[in-house]
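Just so you know, all these numbers are worked out from the coordinates, no wet-lab data involved. The structure presented is a predicted model; accordingly, all values stated were derived computationally and were not measured. We place every Cβ from the backbone using ideal geometry, glycine too, and count neighbours over all the protein chains shown.
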């Protein structure tokens with residue numbers, strides 16, 4: 001993924017620095033690992049099931065459509081893993097768990113992808129507001145202070161090109 005990201009930069013000019021990537025995803029933080037896992041599979045998994053249904057990935061709706069090759073490949077992945085297997089894989093990509101487990105996952109994502117930032121989503125797939133709030137407050141109290149202390153690449157502002 002990171003190498004694909006850096007391979008696009010030459011199209012925008014040799015003097016334009018390649019910015020570090022930003023990422024976003026679903027996140028669940030709970031005081032104990034068992035609760036976190038149950039919540040992750042219920043809500044993060046529920047979210048990804050809706051994505052599969054909405055985009056008809058399991059019905060190969062994007063097969064042969066130019067520009068949608070990535071989506072078509074998701075359908076092939078679902079063929080291999082089954083919808084539930086693909087959902088489990090998605091859930092395990094996301095940062096969920098106790099505060100320490102979430103920090104570990106965010107750290108791995110940061111190292112693997114060279115992330116400048118991660119934009120977490122705390123409420124999805126019909127999650128009750130009080131569940132989302134508990135997760136958010138635990139993240140804010142125990143995860144965020146550690147993440148804010150990490151060195152991170154600067155996120156550049158937009159650049160205007162006057163090339164004609």
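Hydrodynamic analysis of the chain uses the Kirkwood radius over alpha carbon pairs. Inserted into Stokes-Einstein at 20 °C and 1.002 mPa s, it gives a translational diffusion coefficient of 120 µm²/s.
Computed over the chain with a Gaussian network model linking Cα atoms closer than 10 Å, the most mobile of 110, 134, 81 is 81. Helical content alone sets the calculated 222 nm signal of the chain at -15000 deg cm²/dmol, taking -39,500 (n - 2.57) per DSSP H segment of four or more residues and averaging over every residue. Of interest is the spacing of the C-alpha centroids, which for segment 78-108 and segment 132-161 amounts to 20 Å. Judged by the mean number of other Cβ atoms found within 10 Å, the most tightly packed of the peptides 111-120, 26-35 leads the ranking 26-35, 111-120. You can think of it this way: the chain between residue 72 and residue 111 has 11.2 nm of extra reach, that is 0.36 nm per residue less the Cα-Cα gap.
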